[in-house]
Amino acid sequence: DKKVVLITGCSSGIGLSLAVRLSQVAAFCLVYATMRNMAKKERLLECVKGLHKDTLDILQMDVTDQQSILDARDRVVEKRVDILVCNAGMGLMGPLEIQSLDSMRRIMEVNLLGTIQTIQAFLPDMKAQDKGRILVTGSTGGLHGLPFNEVYCASKFAIEGACESLAVLLQHFNIHVSLIECGPVNTDFLVNLQKAELGDASLQKVDAHTLSLYERYLQHCGSVFQNAAQDTEDIVKVFLDAIQSPCPAFRYFTSGVVPPLIKLKITEPDGSRYISAMSKIIFSAEEQ
Ligand code: NAD
């Protein structure tokens, strides 16, 4: 029997690549690629080039809109989803004091409540079937803090808590929850994120010390994405590992190893070693 897969946030990036790849494993999957804005479906269609018409369907779904989640669920012809991939998300970057309540709410609504709401909609059916998979695109920013990303990290930390809590319960329903923890990935993430740019009017009221640290952070971030970002294909391989494993792990690190900074958090739980190590990595040029 083919597995029915539903993925959120497929108009670009990781979601798009995963939808394309899974639709190519035609013997294995039927893919429902969902996206908030159907006007953006051309890119996905271009990638599948009409080859996989019978294994890929595109549905509208805004993860912040409960009705649109339920409508998409009801349009799944097979009336079941075996593998749910909660991937939609966005970033927010800049000094905390300039972030408006609206933009902070938006990030929490998309990243945290959007993920939870999507899971809620599919959970009763999965429980009734007594099997299922829930995969969530996690972030190393959900496991350790990053300056100028406070609200983004808060949303991703919160997802860790929600998923870990669910995983404990759902093993009693033969439902496996897995987080695919990504470091930097070459996607539209940096284009789509809400980011304060140097020179923005909103930054004028920010103190000079914070601004110089932010400038340093942006340089660091740019070089990390340039030198160390993974391609979406690498991330897709990890999703496939998790999907094909009979007994998937709760956490997968897309780099293949537990990142040293995360190890440091675990081995030095008072937190001071992590904080000084991260500060040194990001701001070291400032100290020289
Ligand atoms: P991306 O911006 O290319 O893709 C994110 C997708 O989510 C977009 O297609 C966007 O339209 C969609 N989305 C945003 N709001 C939505 C909503 N309300 N409803 C439905 N879809 C919505 O970036 P990406 O890197 O592919 O991001 C995918 C996931 O990976 C996100 O959860 C992100 O936080 C996570 N992640 C990305 C990186 C990275 O460096 N790119 C690192 C760690 C984690």
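See the values below:
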quantity	calculated
Condition broken by Leu30, with the remaining ones in (1) away from the ligand (no atom under 11 Å from the Cβ); (2) surrounded by 18 or more Cβ atoms within 10 Å (Cβ to Cβ); (3) not in a strand (DSSP E or B) satisfied	(3)
Hits in segment 212-235 (condition: open to solvent by 50 Å² or more (accessible area, probe 1.4 Å) and over 18 Å from Ser284 (Cβ atoms))	Asp231, Glu233, Asp234
Test: residue in segment 263-286 that is within 29 Å of Gly9 (Cα to Cα), modelled with pLDDT of 95 or more and open to solvent by 60 Å² or more (accessible area, probe 1.4 Å)	no
All positions within segment 1-27 that are among the basic types (Lys, Arg) and touching a helix residue (DSSP H, G or I) at 6+ places or on another chain (Cβ under 7 Å)	Arg21
Lone qualifier among Val191, Val136, Val151 - being of a type in the set (A, V, I, L, M), within 14 Å of the ligand (Cβ to nearest atom), under 25 Å from Ser12 (Cβ atoms) and surrounded by fewer than 16 Cβ atoms within 10 Å (Cβ to Cβ)	Val191
Single unsatisfied condition, Ala208 versus (1) more than 14 Å from Leu135 (Cα to Cα); (2) touching a Ser or Thr at 6+ places or on another chain (Cβ under 9 Å); (3) not β-branched (Val, Ile, Thr)	(2)
Selection status of Lys156, within 12 Å of the ligand (Cβ to nearest atom), touching a residue at least 40 places away in the same chain (Cβ under 8 Å) and part of a helix (DSSP H, G or I)	yes
Selected residue [within 13 Å of the ligand (Cβ to nearest atom) and open to solvent by 40 Å² or more (accessible area, probe 1.4 Å)] from Gln60, Gln24	Gln60
Residues that are within 16 Å of the ligand (Cβ to nearest atom) and of a type in the set (D, E, K, R), drawn from segment 160-188	Glu160, Glu181, Asp188
Any hit, segment 173-188, residues being open to solvent by 20 Å² or more (accessible area, probe 1.4 Å), within 13 Å of the chain's Cα centre (by Cα) and within 18 Å of Val110 (Cα to Cα)	yes
Single unsatisfied condition, Gly9 versus (1) surrounded by fewer than 24 Cβ atoms within 10 Å (Cβ to Cβ); (2) within 16 Å of the ligand (Cβ to nearest atom)	(1)
Scope segment 12-21; condition open to solvent by 10 Å² or more (accessible area, probe 1.4 Å), at negative phi and near the ligand (Cβ under 10 Å from one of its atoms); matching residues	Ser12, Ile14, Leu16, Ser17
Yes/no for Ile266 being touching a Leu at 6+ places or on another chain (Cβ under 8 Å), outside any loop (DSSP other than H, G, I, E, B) and either under 30 Å from Arg36 (Cβ atoms) or away from the ligand (no atom under 16 Å from the Cβ) (or both)	no
In segment 230-247, the residues that are within 16 Å of the ligand (Cβ to nearest atom), more than 12 Å from Leu22 (Cα to Cα) and of a type outside the set (Gly, Ala, Ser)	Gln230, Asp231, Thr232, Asp234, Ile235, Val238
Subset of segment 63-88 [assigned to a loop (DSSP other than H, G, I, E, B), more than 12 Å from the ligand (Cβ to nearest atom) and either open to solvent by 60 Å² or more (accessible area, probe 1.4 Å) or aromatic (Phe, Trp, Tyr) (or both)]	Arg75, Val77, Glu78, Lys79
Any hit, segment 140-148, residues being among the aromatic types (Phe, Trp, Tyr), within 19 Å of Ile7 (Cβ to Cβ) and within 16 Å of the ligand (Cβ to nearest atom)	no
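The values are calculated or read from the model by the stated rules, or taken from the named source; none is laboratory data. None of the values given here were measured: they were computed from a predicted structure. Positions of Cβ are generated from backbone atoms using ideal geometry, with glycine treated the same way; all protein chains shown enter the neighbour counts. Just so you know, the surface numbers come from the protein's heavy atoms only, side chains and all, with ligands and any DNA or RNA stripped out. Shrake-Rupley method; radii C 1.70, N 1.55, O 1.52, S 1.80 Å.
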